[in-house]
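Peer 1: Pasting a structure here, questions to come.
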Amino acid sequence: MIWRAKSRVVASVVTSWHTSSGARGSPDDLEITVQITLEVDKCIGSGSCEMMAPEVFEVGEDGLAELLDASPGSEMESKCRAAEESCPTQAIVVEV
Ligand code: SF4
């Protein structure tokens with residue numbers, strides 16, 4: 001008699017993960033954010049970023065850009081990308 005082992009496929013399904021706040025959540029809770037890096041040393045205060053995404057960037061009284069929100073929601077991605085592309089000194093990096 002020949003014994004053959006039946007192959008078994010074990011699959012795991014991710015049913016929950018951690019949200020941006022660190023809490024464990026379900027797919028409905030998943031919040032995708034945009035990560036913004038601003039290198040202030042490169043800023044020349046042109047103000048383009050504030051015009052493109054005033055919810056995220058503001059030129060302060062010192063004439064340099066400041067981040068109002070370093071990780072805005074995904075709905076801000078296009079505005080943040082426009083700010084990144086408009087910056088004359090490449091001081092802004094946008095990651096999703
Ligand atoms: S667009 Fe660039 S150079 Fe102009 S204010 Fe913003 S960060 Fe500074």
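The values are calculated or read from the model by the stated rules, or taken from the named source; none is laboratory data. Predicted model only: the values in this text are computed from it and were never measured. Positions of Cβ are generated from backbone atoms using ideal geometry, with glycine treated the same way; all protein chains shown enter the neighbour counts.
Peer 1: Out of all the residues in segment 35-84, which are touching a Ser or Thr at 6+ places or on another chain (Cβ under 6 Å) and among the aliphatic types (A, V, I, L, M)?
Peer 2: Correct list: I44, M52.
Peer 1: So T33 ticks every box in (1) touching a Pro at 6+ places or on another chain (Cβ under 9 Å); (2) near the ligand (Cβ under 10 Å from one of its atoms) but one. Which box is left unticked?
Peer 2: (2)
Peer 1: Of all residues in segment 82-96, how many are more than 13 Å from the ligand (Cβ to nearest atom) and either under 18 Å from G47 (Cβ atoms) or among the charged types (D, E, K, R) (or both)? Give the steps one after another, and end with the answer.
Peer 2: Filtering segment 82-96 down to residues more than 13 Å from the ligand (Cβ to nearest atom) leaves 95-96.
From the residues that got through so far, the ones that are either under 18 Å from G47 (Cβ atoms) or among the charged types (D, E, K, R) (or both) too are 95.
So the answer is 1.
Peer 1: Of the conditions (1) touching a helix residue (DSSP H, G or I) at 6+ places or on another chain (Cβ under 6 Å); (2) at pLDDT 65 or above; (3) surrounded by 12 or more Cβ atoms within 10 Å (Cβ to Cβ), T19 satisfies every one except a single condition; which number is it?
Peer 2: So the condition that T19 fails would be (2).
Peer 1: In addition: Only one of these conditions is not met by L30: (1) touching a Ser or Thr at 6+ places or on another chain (Cβ under 8 Å); (2) modelled with pLDDT of 95 or more; (3) surrounded by 12 or more Cβ atoms within 10 Å (Cβ to Cβ). Which number is it?
Peer 2: Result: L30 passes all but (2).
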